[in-house]
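Here the structure comes first, spelled out in structure tokens, and everything after it is commentary.
Only the coordinates and a few stated rules stand behind these numbers; no lab work does. This one's a predicted model, so the numbers in the text were calculated from it and none came from an experiment. Glycine also receives a Cβ, built like all others from the backbone with ideal geometry; neighbour counts cover every protein chain displayed.
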Amino acid sequence: MKIKEDKIRGIITKLDIILAKMNEDEVIQLETLNEIDEYYKKSAQNLLHYISFRSFDVREIQKHLKNLGLTRFANAEAHIKASVMTIRYLLGLAISPNEQVSFEKHWSIKKGRKLLNRNSRNLLGMGSEKRRVRIMVTQPTESATNFNMVREMVKRGMDCARINCAHDSPEIWSKMISNIRKAATELNRDVKIAMDLAGPKIRTGRIEPGPRVLRFKPKKDSFGRVFEPKQIVLVPESQGKRAPNALPIASGDLGSLVIGQVLTMVDSRSKNRKLKVVDATNGQVTVECKKTIYFEPGLMLSASSNELLEFKVGELPPKENAILLKVGDEIWLKKEGILGQGAEHNEDGGLIRPAMISCQMPEVFDDVKEGERVFFDDGKIAGYITEVQKNQFRVKISMARENGARLKEEKGINFPDSKLSFSGLTAKDKNDLPFITDNADVINFSFVNRVDDVAGLYSELGKLDTDRKIGVFLKIETQTGFENLVPILLEAMKRENMGVMIARGDLAIETGWENIGQVQQEMLAICGAAHVPVVWATQVLENLAKNGLPSRSEITDATTALRAECVMLNKGPYILDAIALLDTILCKMESSHHKNEPMLPKLQSLNHDLP
């Protein structure tokens with residue numbers, strides 16, 4: 001399709017307007033640029049140029065450039081001004097061979113890519129020779145004691161080990177770090193250690209415990225016939241850690257029982273039940289039951305021999321309770337640390353008292369407003385605030401499973417519409433910082449919402465007076481953090497060695513499932529313009545890591561992660577398999593992709609012989 005000369009001149013005019021806007025905005029932001037660390041000066045400048053560029057709708061220009069066979073700026077964020085000026089120059093040559101353009105000093109297309117690669121190496125290490133994208137792996141507590149597992153993680157492709165300071169203790173963290181460093185040395189690998197500041201916990205509080213009862217049920221076939229009796233292990237109450245099928249015995253000599261003996265009892269439902277001894281070794285006894293039994297503390301078991309033997313059931317842990325919530329229900333969130341309770345109804349089903357639960361972050365109560373949305377438990381339950389009082393607010397449930405959803409304690413709460421004012425740096429985080437700066441390579445800073453959060457962290461690091469420029473990954477996990485990403489990056493650029501982690505779990509809830517795809521793309525583009533490395537985090541190959549089998553959508557998601565500089569895997573029983581598979585996917589896909597740019601190697605899978 002031929003584009004007329006006046007059409008080309010029109011495109012040139014529009015590009016000149018864009019370039020003028022870039023120059024104008026740079027002058028306006030001169031004070032901000034002067035505060036940027038020299039290391040990031042040109043990157044910050046390019047970021048501002050990119051924001052100026054994206055203030056225009058350039059889709060029409062892109063269509064015309066496509067028809068001319070020219071680049072459409074789709075992958076130009078790392079060198080935006082150079083790309084605009086180059087296209088403007090080529091278009092000028094198309095209508096005037098003597099076209100002259102003054103090329104200012106700016107990062108070239110090649111230089112932009114080099115900057116990002118350098119920043120990635122500084123934060124994430126050298127990585128693998130076979131792939132550009134690094135693999136970060138969340139460490140389970142077992143990493144403190146199981147060196148072989150840690151070594152296998154490194155061997156299969158782990159480039160960065162993540163330790164979450166919300167769990168375990170400095171003693172355990174030290175053991176983890178020792179095993180990671182040792183494994184990296186043995187395998188001659190550069191493995192970085194990243195430690196997550198726990199950040200504020202916006203979670204549900206404790207719920208009134210359920211009854212102290214244990215149920216044991218045999219397996220039955222479709223006709224209700226028992227084909228596998230349930231085995232129960234009788235152990236002394238004094239025994240510490242117990243298996244799930246253990247029953248503590250407070251009194252009675254277990255050593256007097258022998259195989260074949262039968263114990264009789266009346267369970268907590270007044271049902272007569274029998275237990276047959278099938279094993280009696282090492283001070284514990286294994287019995288079998290062919291009918292469902294409910295145990296509670298104080299129940300007596302009897303066995304006949306030469307004399308009557310009696311055994312008393314010891315203390316049992318309370319069952320974990322939950323609050324059942326259905327669409328249309330209401331629940332009060334309380335500032336005080338009350339025990340959560342479900343709604344109370346009268347005999348006719350009328351509501352006597354709505355459900356209630358505490359929120360572990362009391363600062364929330366100063367910021368929420370009527371009409372704002374609330375999400376519980378990773379978005380499984382949704383509602384909106386109908387009433388706000390000084391120390392409590394009421395939420396009406398607008399989304400839950402058809403038969404209701406069970407809200408448990410320690411579940412996350414999201415406030416996507418609320419402007420939460422508290423800092424992402426907690427007292428615990430400040431206490432953990434000295435250990436982290438002494439032992440880790442990178443800090444993962446949770447709950448970054450605004451410029452002040454970054455300034456607060458940098459201030460604390462300044463107080464520690466460390467000579468080492470420890471890296472910082474800013475975790476963006478809220479709507480507010482996403483909206484403030486550009487000023488957050490400019491503030492973070494006042495210090496060397498920083499990146500961004502896209503915490504997609506909370507971010508999807510905050511921004512909306514229907515928007516998360518676009519949000520991810522915009523964040524990747526903005527960070528690319530700033531030459532800032534990105535960690536693609538949350539739920540990558542999660543089914544594989546936890547259950548041993550990946551879903552098809554997980555594989556697609558893993559390939560999409562090629563646009564980032566690092567992919568984070570969460571812990572699970574099959575984490576070694578997840579690391580190996582992700583390493584294979586990234587190595588294979590990187591032969592045909594660089595970030596979001598398709599590369600074109602020779603096709604291997606088709607018959608190209610023409611007739």
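Go ahead and run the numbers for FRET between SER304 and ALA246, Cβ-Cβ distance against an R0 of 30 Å, rounding to 0.05. Don't skip to the answer; put the middle values down first.
Numbers: r = 24 Å, r/R0 = 0.81.
Efficiency, from the Cβ-Cβ distance: 0.80.
Exceeding 23 Å between C-alpha atoms, which entries from my cross-link table qualify? They are LYS335/LYS369; LYS130/LYS155; LYS241/LYS430; LYS130/LYS469; LYS14/LYS114.
Among LYS335/LYS369; LYS130/LYS155; LYS241/LYS430; LYS130/LYS469; LYS14/LYS114, the Cα-Cα distance tops 23 Å for LYS241/LYS430; LYS130/LYS469; LYS14/LYS114.
Based on Cβ point charges of +1 for Lys and Arg and -1 for Asp and Glu, what charge dipole magnitude is obtained for the chain about its Cα centre, in debye rounded to the nearest 20?
Numbers: 88 positive and 81 negative charges, 364 e Å.
With Lys and Arg at +1 and Asp and Glu at -1, about 1740 debye.
Using alpha carbon centroids, what distance separates the range 10-40 and the range 199-241, in Å?
64 Å
Shape call for the range 1-151 from the C-alpha gyration tensor, a ≥ b ≥ c root eigenvalues: rounded (a/c under 1.5), prolate (a/b greater than b/c) or oblate?
Numbers: a/c = 3.04, a/b = 2.02, b/c = 1.50.
Prolate, since a/c reaches 1.5 and a/b exceeds b/c.
Work out how much length VAL451 to ASP190 would gain on full extension: take 0.36 nm times their residue separation and subtract the Cα-Cα distance, in nm to one decimal. Working shown, then result.
Details: separation 261, 0.36 × 261 = 93.96 nm, distance 3.22 nm.
Extending this stretch completely gives an extra 90.7 nm.
In straight Cα distance, which lysines are under 21 Å from LYS380, not counting same-chain residues fewer than 8 positions off?
Those lysines meeting the cut-off are LYS201, LYS326, LYS334, LYS396, LYS408, LYS411, LYS546.
At 7 Å along the Cα-to-beta-carbon direction for both VAL233 and ASP279, put a label point, then send me their distance in nm to one decimal.
0.8 nm
Lysines near LYS291 by alpha-carbon distance under 18 Å, same-chain residues fewer than 8 away left out - which ones?
LYS217, LYS219, LYS220, LYS230, LYS271, LYS274, LYS276
Show me the ranking of peptides 143-154, 481-492 by mean Cβ neighbours inside 10 Å, starting with the highest. It would help to have the intermediate numbers written out before the result.
Values: 143-154: 18.4, 481-492: 20.3.
Top to bottom by mean Cβ count within 10 Å: 481-492, 143-154.
To the nearest 500 deg cm²/dmol, what mean residue ellipticity at 222 nm is calculated for the chain from DSSP H runs of n ≥ 4 alone, each contributing -39,500 (n - 2.57), summed and divided by the residues?
Working: 17 runs with 202 residues, N = 611.
About -10000 deg cm²/dmol.
Packing-wise, with mean Cβ within 10 Å as the measure, how do 24-35, 575-586 rank, highest first?
By packing density, highest mean first, the sequence is 575-586, 24-35.
Roughly how many whole Å is it from the C-alpha centroid of the range 450-481 to that of the range 51-67?
35 Å
To make sure I understand the rule: partners must be aspartates and glutamates, Cα under 12 Å from the Cα of LYS7, and not fewer than 8 residues away in the same chain. Which ones qualify?
GLU60
Between ALA94 and LYS66, what length in nm is gained on full extension when 0.36 nm per residue of separation is reduced by their alpha carbon distance?
Numbers: separation 28, 0.36 × 28 = 10.08 nm, distance 1.49 nm.
Extra length available between ALA94 and LYS66 comes to 8.6 nm.
Relative contact order of the range 117-183, please, whole-number percent, based on alpha carbon pairs below 8 angstrom and at least 6 residues apart. All intermediate terms of the calculation are to be shown ahead of the outcome.
Numbers: 65 pairs, mean separation 25.7, N = 67.
38 percent.
Determine, for each peptide in 178-184, 208-214, 522-528, the mean count of other beta carbons within 10 angstrom over its residues, then list the peptides with the highest first.
Numbers: 178-184: 19.4, 208-214: 14.4, 522-528: 21.4.
The packing order, highest mean first, is 522-528, 178-184, 208-214.
Relative to the longest principal Cα axis of the chain, at what angle does helix 170-186 sit, 0 to 90 degrees, rounded to 10?
Approximately 60 degrees, to the nearest ten.
So for the range 424-583, averaging the separation of alpha carbon pairs under 8 Å that are six or more residues apart and normalising by length, what relative contact order in percent results?
Details: 237 pairs, mean separation 27.4, N = 160.
For the range 424-583, the relative contact order is 17 percent.
Using Cα atoms only, what is the angle between the long axis of helix 5-28 and the major principal axis of the chain, expressed in degrees (0 to 90) to the nearest 10?
70 degrees
May I ask for log10 I(q)/I(0) of the range 1-59 at q = 0.16, 0.26 Å⁻¹, from a Debye sum over the Cα atoms as equal point scatterers with solvent left out?
-0.58, -1.02
Summing +1 for each Lys or Arg and -1 for each Asp or Glu, what net charge is found among the other residues whose Cβ lies under 14 Å from the Cβ of ASN34? Show your work: numbers first, answer last.
Values: positive: LYS41, LYS42, LYS494; negative: GLU26, GLU31, GLU35, ASP37, GLU38, GLU491.
Neighbour charge sum, excluding ASN34 itself: -3.
Give the angle, between 0 and 90 degrees and rounded to the nearest 10, that separates the Cα long axis of helix 80-95 from the longest principal axis of the Cα atoms of the chain.
The helix 80-95 is inclined about 40 degrees to the chain.
Could you give the alpha-carbon Rg of the chain over 2.2 N^0.38 Å, rounded to two decimals? Don't jump to the answer; show the numbers that get you there.
Details: Rg = 30.6 Å, N = 611, 2.2 N^0.38 = 25.2 Å.
Taking N as the residue count of the chain, the ratio is 1.22.
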